[in-house]
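Novice: Can you keep this structure in mind? I'll have questions shortly.
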Amino acid sequence: LAARSTYDGADDRNAENFPAWSMSDAMRLEQLAMTGTLGNSFYASAKEVTADAIRLLERADASALAKAIVRGRQEGFIRSFPILGLLYLSQKDATLFQEVFPQVVITGNDLGDFIDLTRRRRGFGRSIKRAITNWLATKTTPYYAMKYRKPLADAIRISRFRGSEPIYAYILNAYSNVKGMNDEKLEAAYLNCPELAARRRFIGLLDDGKTVEAAQLLREAKLDVDSLTAYYDRFDTEIWLAVAERTPVMKFLKFLAKFARERVDLDRIAQEKITVDNLRRAKVFPFRLYTAYHGYLDALPLSADGKKFECKPFAEVFGDKDEKAPTFPVLSVVDTLVKVLDDYTERYDWSDFAKYSWVIAPDMSGSMTSRIGNSGNLTFATVAAMFTAFFNKAPLQAQILPWTTKVLSYNVPRRDSVIMQMNAIINAVGGGTYMETPVEYMIAQNKRVDYSVFITDTEEYGSGWFAAWKRYHRKFPGVRAFIIRLDSYRTSPIPDDEAAKYGVWQIFGWNDSVIEYMRYIVMENQMKGNK
């Protein structure tokens with residue numbers, strides 16, 4: 001009866017037809033800006049997710065929308081929803097649109113996606129053309145000209161940009177039969193931009209089979225490797241080594257599997273590049289280490305269970321018979337990835353958290369296998385497992401309560417690496433979503449903890465998390481909960497207007513700021529308690 005009365009006020013239903021609450025437009029904007037990839041999910045197709053997002057964008061307040069999409073792109077590093085939101089902002093407030101355009105459109109790919117959306121959904125009005133023109137005038141660099149040549153050329157033609165610098169001639173030459181284009185203008189671009197000239201010289205060296213010289217040029221010049229994909233089949237190990245040395249840390253992680261297949265000795269380079277400081281400077285989320293770890297192992301002809309590895313020479317692993325084949329250890333990179341992910345845990349300041357008791361309750365239901373955007377093997381479960389492992393390794397009084405339709409045992413030693421702990425969770429994912437399960441367990445065990453953290457996609461269908469939490473809160477007044485939401489679904493398991501009353505905070509997203517936001521809430525609660 002108590003559970004039934006709790007949900008009498010629910011004004012919506014989630015994807016499992018369980019009573020739920022609709023979110024305010026402000027909270028929905030925050031959610032989509034921080035999680036909204038607009039792709040297929042476990043419970044909704046990309047078409048359904050996009051249609052719901054569009055309905056919100058059509059009615060959203062311009063200033064709230066501008067704030068949300070800038071935060072989503074700058075802090076959440078989400079692209080799809082902020083770029084779509086930018087298009088709708090252009091129809092609501094031209095001044096705000098001009099102001100936030102360069103904060104949302106960061107790369108040439110962003111610009112290309114914005115143009116594609118605009119082409120499909122509306123025309124290129126004066127305001128949009130002006131924003132594109134300003135972006136081209138201020139953001140175009142030789143590196144961008146190489147990396148995003150086609151999107152920038154498209155932008156120039158649509159906006160009728162009249163840049164006089166030779167670099168724009170180089171960009172436009174991505175198309176054939178451009179009016180007014182000639183060899184003189186193109187040569188001026190090579191003369192004015194040493195990076196473009198170096199790229200042309202690099203291709204010439206490949207054509208001549210001079211790979212040693214090409215590798216040295218790659219080390220000396222700032223060339224964009226992504227713009228050279230058509231020539232990858234001509235790269236030898238020496239060139240790939242030069243690529244590894246010059247590649248920024250984010251791309252280095254993405255290329256790890258490729259480097260492994262090309263048999264590049266990454267030991268020294270990985271130790272220099274993959275550090276907590278470098279990752280934070282480049283705004284690389286720690287879960288990228290986990291996906292890079294598995295991508296690298298998958299590229300090696302070894303078992304990837306994380307337990308059977310020995311430090312074998314590269315040549316032995318690949319079965320090389322050539323005496324000149326590489327002989328360096330293949331697992332040094334694995335060791336680096338494992339160590340740096342552990343270092344992430346140690347680098348957090350846990351002192352404010354350590355004053356309280358904690359339960360960390362990751363959702364391990366089957367829907368947590370939903371992929372995050374087009375991110376390959378990154379799933380909700382990956383992120384939930386990482387947060388759980390971080391808290392478990394931290395110097396805290398914390399109990400781990402994984403759950404599906406029941407609480408599952410978690411016997412992984414705290415001394416084990418973050419990656420080993422993550423594997424234990426991810427490999428056990430499957431089952432239903434009874435969000436109330438860990439709360440019911442704490443009630444039955446008469447277990448009071450100061451803070452409970454639920455990491456989930458919130459698509460429950462048991463007897464209800466909120467009903468159980470209200471009973472737990474009455475039994476132990478003052479307890480608090482964080483719901484870390486990884487999903488873009490439109491319903492909420494708790495009504496907005498009662499969240500504060502029952503000590504609940506919903507957090508959307510999965511970047512470093514989540515833990516910092518939790519610290520802020522903990523400190524704020526501590527100050528209120530002291531008063």
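The values are calculated or read from the model by the stated rules, or taken from the named source; none is laboratory data. Everything quoted here is computed from the prediction, not taken from an experiment. Neighbour counts run over all protein chains shown; Cβ positions are idealised from the backbone, glycine included. Keep in mind that these areas ignore ligands, DNA and RNA; they rest on the heavy atoms of the full protein, side chains included. Shrake-Rupley method; radii C 1.70, N 1.55, O 1.52, S 1.80 Å.
Novice: Can you name the helices (runs of 4 or more DSSP H) wholly within the range 1-81 that have at least 1 residues being at pLDDT below 95, surrounded by 20 or more Cβ atoms within 10 Å (Cβ to Cβ) and under 25 Å from the mean Cα position of the chain (by Cα)? Before you say what the answer is, go through the steps one by one.
Specialist: On the way: elements: 2-6, 25-35, 46-59, 62-74.
The qualifying helices (runs of 4 or more DSSP H) are 25-35, 46-59, 62-74.
Novice: Answer with yes or no whether Val504 is of a type outside the set (Phe, Trp, Tyr) and under 28 Å from the mean Cα position of the chain (by Cα). Show your work before the answer.
Specialist: Values: of a type outside the set (Phe, Trp, Tyr): yes; under 28 Å from the mean Cα position of the chain (by Cα): yes.
Yes.
Novice: Looking at Met422 and the list (1) at pLDDT below 95; (2) under 30 Å from Leu57 (Cβ atoms); (3) surrounded by 24 or more Cβ atoms within 10 Å (Cβ to Cβ), which single condition is not satisfied?
Specialist: For Met422, the failing item is (2).
Novice: How many residues are closer than 27 Å to Tyr168 by Cβ, of a type outside the set (Ser, Thr, Tyr) and in a helix (DSSP H, G or I) when one looks only at the range 83-110?
Specialist: As a first pass, look at the range 83-110 and keep what is closer than 27 Å to Tyr168 by Cβ: 83, 86-87, 90, 94, 97-110.
Subsequent filtering for residues that are of a type outside the set (Ser, Thr, Tyr) retains 83, 86-87, 94, 97-106, 108-110.
Keeping just the survivors that are in a helix (DSSP H, G or I) gives 83, 86-87, 94, 97-104, 108-110.
Counting residues in the range 83-110 that are closer than 27 Å to Tyr168 by Cβ, of a type outside the set (Ser, Thr, Tyr) and in a helix (DSSP H, G or I) gives 15.
Novice: Here's a follow-up. Which of (1) under 22 Å from Leu297 (Cα atoms); (2) crowded, with 24+ Cβ neighbours inside 10 Å does Thr388 not meet, given it meets every other one?
Specialist: (1)
Novice: Still on this model: Looking only at the range 196-228, which residues are open to solvent by 10 Å² or more (accessible area, probe 1.4 Å), of a type outside the set (Gly, Ala, Ser), part of a loop (DSSP other than H, G, I, E, B) and in contact with a helix residue (DSSP H, G or I) (Cβ under 7 Å, 6 or more places away or on another chain)?
Specialist: Matches in the range 196-228: Lys222, Leu223.
Novice: Still on this structure, I have one more. Can you tell me which condition Tyr434 does not meet? The list is (1) more than 24 Å from Glu16 (Cβ to Cβ); (2) open to solvent by 50 Å² or more (accessible area, probe 1.4 Å); (3) modelled with pLDDT of 95 or more, and all the others hold.
Specialist: (1)
Novice: While we're looking at this one, here's another question. What single numbered condition from (1) open to solvent by 10 Å² or more (accessible area, probe 1.4 Å); (2) in contact with a Phe, Trp or Tyr (Cβ under 6 Å, 6 or more places away or on another chain); (3) not aliphatic (A, V, I, L, M) fails to hold for Tyr451?
Specialist: Only one criterion in (1) open to solvent by 10 Å² or more (accessible area, probe 1.4 Å); (2) in contact with a Phe, Trp or Tyr (Cβ under 6 Å, 6 or more places away or on another chain); (3) not aliphatic (A, V, I, L, M) is unmet by Tyr451, namely (1).
Novice: Among what's in the range 121-136 and is basic (Lys, Arg) and part of a helix (DSSP H, G or I), pick the residue that is modelled with the lowest pLDDT.
Specialist: Initially, the range 121-136 is screened for residues basic (Lys, Arg), giving 121-122, 126, 129-130.
Those still in the list that are part of a helix (DSSP H, G or I) too: 121, 126, 129-130.
Details: Arg121: 83, Arg126: 93, Lys129: 96, Arg130: 97.
Once the filter is applied, the top-ranked residue is Arg121.
Novice: For the range 347-382: of the residues being part of a helix (DSSP H, G or I) and under 18 Å from Val514 (Cβ atoms), which is most open to solvent (accessible area, probe 1.4 Å)? Walk me through how you get there before you give the answer.
Specialist: Kept after step one, since they are part of a helix (DSSP H, G or I), are these residues of the range 347-382: 347, 366-369, 380-382.
Subset that is under 18 Å from Val514 (Cβ atoms): 347, 368, 380-382.
On the way: Arg347: 117, Met368: 0, Phe380: 15, Ala381: 5, Thr382: 3 Å².
Of everything passing the filter in the range 347-382, Arg347 is most open to solvent (accessible area, probe 1.4 Å).
Novice: Of all residues in the range 255-301 being farther than 16 Å from Thr382 by Cβ and among the basic types (Lys, Arg), which is surrounded by the most Cβ atoms within 10 Å (Cβ to Cβ)? Working first, answer last.
Specialist: Initial filter on the range 255-301 (farther than 16 Å from Thr382 by Cβ): 255-283, 299-301.
Pick out the ones that are also among the basic types (Lys, Arg) and you get 258, 261, 263, 268, 273, 280-281, 283.
Details: Lys258: 17, Arg261: 13, Arg263: 19, Arg268: 12, Lys273: 21, Arg280: 14, Arg281: 10, Lys283: 12.
This residue is Lys273.
Novice: Here is a further query. I'm trying to understand the selection: among the residues of the range 494-531, which are polar (S, T, N, Q) and either within 24 Å of Tyr472 (Cα to Cα) or open to solvent by 20 Å² or more (accessible area, probe 1.4 Å) (or both)?
Specialist: The first filter runs over the range 494-531 and keeps only residues polar (S, T, N, Q), leaving 506, 511, 513, 525-526, 530.
Matches in the range 494-531: Gln506, Ser513, Asn525, Gln526, Asn530.
Novice: Can you go through Arg130, Arg121 and tell me which one is in contact with a Leu (Cβ under 9 Å, 6 or more places away or on another chain), within 27 Å of Glu58 (Cα to Cα) and touching a residue at least 24 places away in the same chain (Cβ under 8 Å)?
Specialist: Values: Arg130 fails: in contact with a Leu (Cβ under 9 Å, 6 or more places away or on another chain).
Of the residues listed, the single one that is in contact with a Leu (Cβ under 9 Å, 6 or more places away or on another chain), within 27 Å of Glu58 (Cα to Cα) and touching a residue at least 24 places away in the same chain (Cβ under 8 Å) is Arg121.
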